[in-house]
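Colleague: Handing you a structure now.
The values are calculated or read from the model by the stated rules, or taken from the named source; none is laboratory data. Bear in mind that the values here come from a model prediction, so they are computed numbers and not experimental data. Note that each Cβ is placed from the backbone with ideal geometry, even for glycine, and that neighbours are counted across all protein chains shown.
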Amino acid sequence: MRKVKKDTGSKHEPFMPDKVFSAEASVNKIIPNVLNTPQKYIQGDGVLGNLGLYLGLVGSGHTAVLLSGGGEKRFGEMVSQSLKRSGIAGTLVTFPGECSFEEIERVTELLMKERTLVDSIVAIGGGKCLDTGRGVAHRLHVPAVICPTTASTDAPCAGLSAIYFSDGKFRDVELYPLNPALVIVDTRIAAQAPVRFIVSGMGDAMATWYEARTCFQNPKGKAMLGTRPTITSVAIAELCADTLYDNGVKAVEAVRDSQVNESVERVVEANTLMSGIGFESCGLATAHCVAQGLTVIPSLHKNYLHGEMVAIGLMTHLVLEGKDDEAHKVGAFFSSVGLPAHLGQMSLNPERDMETLRKICKAAVELPFIQNEPFDVSPDSLLDAMLNAHKLGLEITRSFGDAAYLAVHGK
Ligand SMILES: [Zn+2]
């Protein structure tokens, strides 16, 4: 069993990718092509019931399981039975809900007081629980085992955590040298979540290919760690979009009845694994800058999911790049699965909210990913693209209808 060093905790060294991957750090001044993936990705109907078996892969004898209060009620018994069957000791830690440095330190210190030190961290839940688990595992130098309970974003496979202040405001992204040891996705659990989650995940995942292509084709484009994409990750990003076009509608129909079928399996894999590898290894661009820009408006941040904001971002991204035909294809897909295709579906009205839109575009162009575009992007050029994308989205909604969107949003 792995021994935990006593001098971890709050004194941990933050990981600086530039010290490893920048041209300056390299003996021959090159930026390498890097693929970021979890060590193992395990997906299937009911797989969380085998958690103990899979922990054997990392040689764990005593794990800490991070779960929210609600998660404890839903999965606590199943998880402890599974650990028991495999002879693994488990320490349950309740996750209160915010991924902050304070919370990561609290859990780290709590686990350092255990009589036998834990040799793995399992996090089961939504993004913030998973991000906290990753942060704790990094500080304790033990493998992170990440078990998402929805397919709503592509964050589970990543080697980073989004950190918030205790009051919920975004603070920073913490990067880790390695991705999680295991990512375990129980498709049954993902299919039982409200349909809006998997639909939102498709918005996040659809953008991955178009942003990956922008970064790959621009010789100056960079992925999350400042590296260049491998062609493997670019191919995965493209397969991600194709998988969604082929299976999106059928998956939504099945999840509406809490059913798992082949299409649900494929969409869950696209949203979680393909998009996760794609965004982290290839890079982000305008679509995610717009999505982040939208979060500066508190009512949007509160009422819309990440992937819904990315959907609006992707329409803008494609129009900005002059690819209106692709924007049309993407918008038609969004309409068919229930993602927003125009600003009205984000409670925004250009005639009424022009100042708000200006604010969003100003925040968006300040983000570093915007530099992955092969041309300069100003707040004005971005606003133009956003308004044209909005018009296109309105036309699409007129011909395809908004029944899917209304169904997802319970109207
Ligand atoms: Zn995203």
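Colleague: Do we find a residue being surrounded by 24 or more Cβ atoms within 10 Å (Cβ to Cβ), touching a Leu at 6+ places or on another chain (Cβ under 8 Å) and modelled with pLDDT of 95 or more anywhere in the range 349-356?
Modeller: Checked the range 349-356: no residue is surrounded by 24 or more Cβ atoms within 10 Å (Cβ to Cβ), touching a Leu at 6+ places or on another chain (Cβ under 8 Å) and modelled with pLDDT of 95 or more.
Colleague: Can you tell me which residue among Ala270, Ala235 is under 24 Å from Asp325 (Cα atoms) and free of Cβ contacts under 8 Å to residues at least 12 places away in the same chain?
Modeller: The unique qualifying residue is Ala235.
Yes/no per residue for (1) without any contact (Cβ under 8 Å) to a residue 40 or more places away in the chain; (2) crowded, with 16+ Cβ neighbours inside 10 Å; (3) out of contact with any Lys or Arg (no Cβ under 9 Å at 6 or more places or on another chain):
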residue	(1), (2), (3)
Phe15	no, yes, yes
Phe21	no, yes, yes
Ser26	yes, no, yes
Asp45	no, no, no
Leu53	yes, no, no
Leu57	no, no, no
Gly87	yes, no, yes
Phe95	yes, yes, no
Glu102	no, no, yes
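Colleague: When the residues of the range 104-142 are narrowed to those that are out of contact with any Gly (no Cβ under 9 Å at 6 or more places or on another chain) and surrounded by fewer than 17 Cβ atoms within 10 Å (Cβ to Cβ), which ends up farthest from His12 (Cα to Cα)?
Modeller: Here the answer is Arg115.
Colleague: Within the group Asp154, Asp172, Asp204, which residue is under 28 Å from Pro14 (Cβ atoms) and surrounded by fewer than 23 Cβ atoms within 10 Å (Cβ to Cβ)?
Modeller: Residue meeting the stated conditions: Asp172.
Colleague: Still on this structure, I have one more. Across the range 276-322, which residue is farthest from the ligand (Cβ to nearest atom) among those that are farther than 26 Å from His409 by Cα and of a type in the set (D, E, K, R)?
Modeller: Filtering the range 276-322 for residues that are farther than 26 Å from His409 by Cα and of a type in the set (D, E, K, R), the one farthest from the ligand (Cβ to nearest atom) comes out as Glu321.
Colleague: Would you say Pro219 is crowded, with 19+ Cβ neighbours inside 10 Å, assigned by TED's automatic domain parsing to the domain that holds Asp402 and either away from the ligand (no atom under 16 Å from the Cβ) or polar (S, T, N, Q) (or both)?
Modeller: Against the criterion (crowded, with 19+ Cβ neighbours inside 10 Å, assigned by TED's automatic domain parsing to the domain that holds Asp402 and either away from the ligand (no atom under 16 Å from the Cβ) or polar (S, T, N, Q) (or both)), Pro219 does not qualify.
Colleague: Do you know which of the residues in the range 164-198 that are aliphatic (A, V, I, L, M) and within 28 Å of Val34 (Cα to Cα) is nearest to the ligand (Cβ to nearest atom)?
Modeller: In this case the residue turns out to be Val173.
Colleague: Now for a different question. Checking the condition of a type in the set (Gly, Ala, Ser) and within 16 Å of the ligand (Cβ to nearest atom), which residue from Ser152, Ser120, Ser86, Ser80 passes?
Modeller: Ser152
Colleague: Taking the condition in a loop (DSSP other than H, G, I, E, B) and either of a type in the set (A, V, I, L, M) or not assigned by TED's automatic domain parsing to the domain that holds Tyr164 (or both), does Val122 pass?
Modeller: In short, no.
Colleague: All but one of (1) within 16 Å of the ligand (Cβ to nearest atom); (2) assigned to a helix (DSSP H, G or I) hold for Ser161, so report the exception by its number.
Modeller: (2)
Colleague: Something else now. If the requirement is being in contact with a helix residue (DSSP H, G or I) (Cβ under 8 Å, 6 or more places away or on another chain) and surrounded by fewer than 21 Cβ atoms within 10 Å (Cβ to Cβ), which of these qualifies: Leu343, Leu367, Leu382?
Modeller: Leu367
Colleague: Further question on the same structure: Examine the range 258-272 for a residue that is more than 16 Å from the ligand (Cβ to nearest atom), out of contact with any helix residue (DSSP H, G or I) (no Cβ under 6 Å at 6 or more places or on another chain) and of a type in the set (Lys, Arg), and state whether such a residue exists.
Modeller: Looking for residues that are more than 16 Å from the ligand (Cβ to nearest atom), out of contact with any helix residue (DSSP H, G or I) (no Cβ under 6 Å at 6 or more places or on another chain) and of a type in the set (Lys, Arg), one finds none in the range 258-272, hence no.
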